[in-house]
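The values are calculated or read from the model by the stated rules, or taken from the named source; none is laboratory data. Small disclaimer: the values here were computed from a predicted structure and weren't measured. In this analysis, Cβ positions are derived from the backbone assuming ideal geometry, glycine residues included, and neighbour counts consider all displayed protein chains. Side chains included, ligands, DNA and RNA excluded: accessible areas come from the protein's heavy atoms. Shrake-Rupley method; radii C 1.70, N 1.55, O 1.52, S 1.80 Å.
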There are 2 protein chains.
Amino acid sequence: MRSEIPRLQARGSQRATKKVDISDLTPEVLPYLGQAAYFELSMFESLAGAVTTAPDLAAREGLSAAAGRALAKHHGLITEIRRRGGEPATEMAPFAPALDRYRQQITGADWYETLLSCYLAGGLLDDFFVRLSDGLPGDVGPRAAQLLAEAGGTDVLVRELKAAIAADPTLASRLAMWGRRLVGDTLLIARSAMPLSAAERAEESRIEPVFTELIAAHTRRMDGLGLTA
Amino acid sequence: MRSEIPRLQARGSQRATKKVDISDLTPEVLPYLGQAAYFELSMFESLAGAVTTAPDLAAREGLSAAAGRALAKHHGLITEIRRRGGEPATEMAPFAPALDRYRQQITGADWYETLLSCYLAGGLLDDFFVRLSDGLPGDVGPRAAQLLAEAGGTDVLVRELKAAIAADPTLASRLAMWGRRLVGDTLLIARSAMPLSAAERAEESRIEPVFTELIAAHTRRMDGLGLTA
């Protein structure tokens, strides 16, 4: 996820795509941490809600672990806020209305749509916040990235979704549509994190490559589930 | 909480009350872990629900930590089940219906009743499972007790309840009544954990001292909130 770390290339090297420097589009540290922390709290609440409505105990068990993971990210970010003398509630507050609205938008009509939302939105926005963290000063960037890149806990989402999709082709096409719908709202949240001055807004072309990366990862997640992105 | 550990006595020594040996009333290891694990999962769900309806971000923040604590207990117990070759879902399943019913009974009419339920039921049943753990074979007892005795995270419940009670005497009397109502249902859950044969059932007197201890701790929690138990 942090592509500046040297690693073996997958077949068909992607080195040709030079990583876009967005460090000057990175927000201030405390707002960054506040928004990411509130997002993880939202993810925790969505996942915790899915625990209660899970069809069996094994799914509940797995989802509770996923909820715990989101909560751990939230608390890790809160710790970073406190370390910088910030008050978590104060730093998160500005982002609450938009993220609450967003959470409602992506809740979905049933348990499977909720699961897909958690998987896709969590994946995309965790990727995004990891990406933004490159531009943060000091050691907070790497620490936030390490917290956020922790993908553990999503295996239960993939497993439950795959099983349900395999069992019901109707569900597959409904979820494919839902996955596509999510992207727009999710990218709007990502966009709202960047402190774009009016001048910079004109430079949309600088942000687009970042979004292209995020959407590519999103598409891989959809593919992995057997859904057309 | 584990009174066999030597410690300084609070004023008015309680040594006079000899601790009742209930080791032969302790259930088998896996059912014990299954019931305790499912109870902690229920507590997690109740607390996670209270996060969503919390009146402000500071309360949400604190409650999410409390939910995380219940989840950590749950996962710790699950780990103990796996360590013994058990399947968590299988071991928890027998206890799900009664604990789901119980959870519904103690949900309460509003956010404050839910908080009080989590505080009192969590306190009483954690105490109880710690107490029962004395009779477990091998090292599982001490490990389970250490997990369950972890009271961290309840301070937010006490703080929110105290503030609300101070602000509204009507709430105080309603919550006092609610706290009293909870005890009966909670003790029934505790009782259901003991594998009482018909013969032992006749010996109610052996269990009563244990319940007396549990109720004493419950009364101290009520007192701490300024509520009459």
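Table for the structure above
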| quantity | calculated |
| --- | --- |
| Helices (runs of 4 or more DSSP H) wholly inside the stretch A:75-163 containing at least 2 residues that are farther than 29 Å from residue A:220 by Cβ | A:88-92, A:96-105 |
| Any hit, the stretch B:108-115, residues being within 17 Å of residue B:214 (Cβ to Cβ), in contact (Cβ under 8 Å) with a residue 12 or more places away in the chain and open to solvent by less than 10 Å² (accessible area, probe 1.4 Å) | no |
| Among (1) open to solvent by less than 20 Å² (accessible area, probe 1.4 Å); (2) within 11 Å of chain A (Cβ to nearest Cβ); (3) not β-branched (Val, Ile, Thr) - the single one residue B:123 does not satisfy | (2) |
| Residue within the stretch B:25-33 that is of a type in the set (D, E, K, R) and more than 8 Å from every other protein chain (Cβ to nearest Cβ) present | yes |
| Subset of the stretch B:73-99 [at the interface with chain A (Cβ under 10 Å from one of its Cβ atoms), under 29 Å from residue B:112 (Cβ atoms) and open to solvent by 10 Å² or more (accessible area, probe 1.4 Å)] | B:75, B:96 |
| Test: residue in the stretch A:79-90 that is of a type in the set (A, V, I, L, M, F, W, C) and modelled with pLDDT of 95 or more | yes |
| Any hit, the stretch B:49-72, residues being in contact with a Pro (Cβ under 7 Å, 6 or more places away or on another chain) and within 14 Å of chain A (Cβ to nearest Cβ) | yes |
| Meets criteria (within 11 Å of another protein chain (Cβ to nearest Cβ) and either surrounded by fewer than 20 Cβ atoms within 10 Å (Cβ to Cβ) or not aromatic (Phe, Trp, Tyr) (or both)) for residue B:36 | no |
